[in-house]
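In what follows, a structure is listed as structure tokens, so that the remarks can point back to it.
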There are 2 protein chains.
Amino acid sequence: MLYVVGLGLADEKDITVRGLEAVQQCDRIYLEAYTSILLCEREKLEQFYGKAVVIADRELVESGSDDILEGAETLNIAFLVVGDPFGATTHTDLIIRARDRNIPVEVIHNASIMNAIGACGLQLYNFGQCVSLVFFTDTWRPASFYDRVAENRAIGLHTLMLLDIKVKEQSIENMARGRRIYEPPRYMTVKTACEQMLEIADAKIAAGETPCYTQDTLAVGVGRVGSREQVIVAGTLRSLMEAEMGPPLHSMVVLGDRVHPLELEYMKYYATDPAAIQALIDEKEGR
Amino acid sequence: MLYVVGLGLADEKDITVRGLEAVQQCDRIYLEAYTSILLCEREKLEQFYGKAVVIADRELVESGSDDILEGAETLNIAFLVVGDPFGATTHTDLIIRARDRNIPVEVIHNASIMNAIGACGLQLYNFGQCVSLVFFTDTWRPASFYDRVAENRAIGLHTLMLLDIKVKEQSIENMARGRRIYEPPRYMTVKTACEQMLEIADAKIAAGETPCYTQDTLAVGVGRVGSREQVIVAGTLRSLMEAEMGPPLHSMVVLGDRVHPLELEYMKYYATDPAAIQALIDEKEGR
């Protein structure tokens, strides 16, 4: 049996009871650790489960899935995923491979950023498609995210921005030389996200277009959602560049105009400028 | 302290370890049981927690929040929510009220239909806004959901349809006479959802419009997502009307045209007509 178990967002105790019971009866346990990270160390998980945990990097998951599934016809294998198991395409791929080998699969769900973002007070049914924002490099500054934000904003919807994480990445030089030396992990901050977004908006202006957001557009930055150290800050993109969000992981929501006064009421609690949010509530309510 | 604890989707063991530890140290425990339902009985929860659980109906939550929060300055109160705490506006309202009284609040997240719907193989970043579908009555057949599905489909996105549940509803007669007699609970099936959707499409056609979906549009019906008895069926709206989805709760996804071949590959496993899905994959891949 292959158990694909969501770990939730913060620490070892965010696993569900059903998930914990499954993991504890497994013969091998893998932790997928490159599409997201848990806010606690592997050792803590091992102690909590009373079992060894193997870190599964991109290489193992994408090329070594036969190793992961080895013997799963008779053994119990756990594949642990931060958040919910269906957060990344890679995991559905592993399930397809298991099915092809007639290995029974049980998925155990958990919270992920896709629903826990509700913690900022914006209602999930007011979100459009979510968007990934990757680190710009000197030579690659992709603006494709912009079109999706624009599609959402055109119909008044919020956009959840998932911010890039780079784990176990090689420099171009090391990759070229085949050296397995990895760069330190990097996690995109809300500050960098705002900078990259505004760079694209500036490029639109330079091209004579009106961008779908500006530095005055309202957004919410979140850090370590779901943990006890969660930070939420609501304000303009400009103000979020100065906000103290603390350590990773960060995410962000760009608001849509269909925002409801009740959503703003909740957001006000986290606002850099509560009076500005109140003014918007008053305007929405026609006061 | 007010703990707002997500219970996940299926049974008593879907609570997180952190959630369970919080609940077990609470002095009073409420279970919100009108915006969704758990697939297990209250007694099972009580046995599992070793604590009494009070069912909180709409009346108690919306008018009696002072009763719920009574003494929370010194006592520990748990408010249990099926799925994730931020699934319904009502719960954010309770948190605002607690904050206004300076009661500390801790939210413990869990899976909800909003992310667990990934179980059907469709990628969450290809979903637009989600839509609620309410039971039509003789005199009230609201088509407002249609516009949101149309907005999503216009940009190629999938739509999660949340299907109505009616719990502890009064008949108009009993309401008029002030009799606290309640109708048996009703949960919208995928079949009813398809019928209502196609009724609105027919009305568009009758009005000379081209509807944004037809009986040949692909969709996925899901029953009891996240439980071991989960059922997933993929097919046209017409074929889903005949599909055996089993007992509640049901949800549905209407596909968008931006669907990726890998999503279809996963869906094929659940398809009423796998050959038709394969043909679509071939078409997408230009074969």
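The values are calculated or read from the model by the stated rules, or taken from the named source; none is laboratory data. Model, not experiment: these values are computed from the prediction. Every residue, glycine among them, receives a Cβ derived from its backbone with ideal geometry; neighbour counts consider all protein chains shown. Only protein heavy atoms, including side chains, enter the accessible area calculation; ligands, DNA and RNA are left aside. Shrake-Rupley method; radii C 1.70, N 1.55, O 1.52, S 1.80 Å.
For the condition open to solvent by 40 Å² or more (accessible area, probe 1.4 Å), farther than 20 Å from residue A:129 by Cβ and among the aliphatic types (A, V, I, L, M), residue A:232 does not qualify. Among the criteria (1) open to solvent by less than 20 Å² (accessible area, probe 1.4 Å); (2) within 14 Å of another protein chain (Cβ to nearest Cβ); (3) over 11 Å from residue A:271 (Cβ atoms), the one residue A:237 does not fulfil is (2). Checked against the criterion of being under 28 Å from residue A:6 (Cβ atoms) and either more than 8 Å from chain A (Cβ to nearest Cβ) or of a type outside the set (Gly, Ala, Ser) (or both), the range B:190-206 has at least one qualifying residue. Taken over the range A:198-232, the criterion of being more than 17 Å from the chain's Cα centre (by Cα) and within 17 Å of residue A:159 (Cα to Cα) is satisfied by A:198, A:200, A:201, A:211, A:212, A:213, A:214, A:215, A:216, A:217, A:218. Evaluate the range B:106-116: report whether one residue or more is open to solvent by 60 Å² or more (accessible area, probe 1.4 Å), touching a residue at least 12 places away in the same chain (Cβ under 8 Å), on the phi < 0 side of the Ramachandran plot and part of a helix (DSSP H, G or I). There is no residue in the range B:106-116 that is open to solvent by 60 Å² or more (accessible area, probe 1.4 Å), touching a residue at least 12 places away in the same chain (Cβ under 8 Å), on the phi < 0 side of the Ramachandran plot and part of a helix (DSSP H, G or I). When residue B:216 is tested against (1) modelled with pLDDT of 95 or more; (2) open to solvent by less than 80 Å² (accessible area, probe 1.4 Å); (3) assigned to a loop (DSSP other than H, G, I, E, B), exactly one condition is not met: (2).
Going by the structure shown, is residue B:93 over 23 Å from the mean Cα position of the chain (by Cα), under 29 Å from residue A:127 (Cβ atoms), open to solvent by 50 Å² or more (accessible area, probe 1.4 Å) and at pLDDT below 95? No; evaluated as a whole, the condition is false for this residue.
Residue A:99 meets all of the listed conditions (1) on the phi > 0 side of the Ramachandran plot; (2) open to solvent by less than 50 Å² (accessible area, probe 1.4 Å) but one, namely (1).
So in the range B:55-65, with the set limited to residues that are open to solvent by 10 Å² or more (accessible area, probe 1.4 Å) and in contact (Cβ under 8 Å) with a residue 24 or more places away in the chain, which one is nearest to residue B:38 (Cα to Cα)? Result: B:55. Of everything in the range B:167-182 that is part of a loop (DSSP other than H, G, I, E, B) and aliphatic (A, V, I, L, M), the residue that is most open to solvent (accessible area, probe 1.4 Å) is B:181.
A single entry from A:243, A:276 fulfils the requirement of being part of a helix (DSSP H, G or I), at pLDDT 95 or above and on the phi < 0 side of the Ramachandran plot: A:276. Among residues of the range A:250-279 being away from chain B (no Cβ under 14 Å), over 16 Å from residue A:125 (Cα atoms) and touching a residue at least 60 places away in the same chain (Cβ under 8 Å), the one that is surrounded by the most Cβ atoms within 10 Å (Cβ to Cβ) is A:252. Report whether or not residue B:74 is open to solvent by 10 Å² or more (accessible area, probe 1.4 Å), out of contact with any Leu (no Cβ under 8 Å at 6 or more places or on another chain) and more than 11 Å from chain A (Cβ to nearest Cβ). For residue B:74, the condition - open to solvent by 10 Å² or more (accessible area, probe 1.4 Å), out of contact with any Leu (no Cβ under 8 Å at 6 or more places or on another chain) and more than 11 Å from chain A (Cβ to nearest Cβ) - is met.
Considering only residues of the range B:77-105 that are part of a loop (DSSP other than H, G, I, E, B) and not hydrophobic (A, V, I, L, M, F, W, C), which is nearest to the other protein chains (Cβ to nearest Cβ)?
To start, the set of residues in the range B:77-105 that are part of a loop (DSSP other than H, G, I, E, B) comprises B:82, B:84, B:88, B:101-104.
Filter again for not hydrophobic (A, V, I, L, M, F, W, C), leaving B:84, B:101-102, B:104.
On the way: B:84: 5, B:101: 14, B:102: 12, B:104: 11 Å.
Among those that are part of a loop (DSSP other than H, G, I, E, B) and not hydrophobic (A, V, I, L, M, F, W, C), it is B:84.
Please specify each residue of the range A:122-139 satisfying the condition of being open to solvent by 30 Å² or more (accessible area, probe 1.4 Å) and within 12 Å of chain B (Cβ to nearest Cβ). A:125, A:132, listed by residue number. For the range B:25-40, the condition holds for no residue, the condition being that it is within 14 Å of chain A (Cβ to nearest Cβ), more than 25 Å from residue B:184 (Cα to Cα) and open to solvent by less than 10 Å² (accessible area, probe 1.4 Å).
Determine whether the range A:9-22 contains at least one residue that is out of contact with any Leu (no Cβ under 9 Å at 6 or more places or on another chain) and more than 11 Å from every other protein chain (Cβ to nearest Cβ). There is no residue in the range A:9-22 that is out of contact with any Leu (no Cβ under 9 Å at 6 or more places or on another chain) and more than 11 Å from every other protein chain (Cβ to nearest Cβ). State whether one or more residues within the range A:164-185 are aliphatic (A, V, I, L, M), away from every other protein chain (no Cβ under 14 Å) and in contact (Cβ under 8 Å) with a residue 60 or more places away in the chain. Within the range A:164-185, one or more residues are aliphatic (A, V, I, L, M), away from every other protein chain (no Cβ under 14 Å) and in contact (Cβ under 8 Å) with a residue 60 or more places away in the chain. Every condition in (1) among the charged types (D, E, K, R); (2) open to solvent by 30 Å² or more (accessible area, probe 1.4 Å); (3) on the phi < 0 side of the Ramachandran plot holds for residue B:164 except the one numbered (2). Taking the criterion of being touching a residue at least 40 places away in the same chain (Cβ under 8 Å) and under 21 Å from residue A:112 (Cα atoms), the residues of the range A:199-228 that qualify are A:220, A:222, A:224, A:225, A:226, A:227, A:228. The single residue among A:22, A:10 that is surrounded by 18 or more Cβ atoms within 10 Å (Cβ to Cβ) and touching a Phe, Trp or Tyr at 6+ places or on another chain (Cβ under 9 Å) turns out to be A:22.
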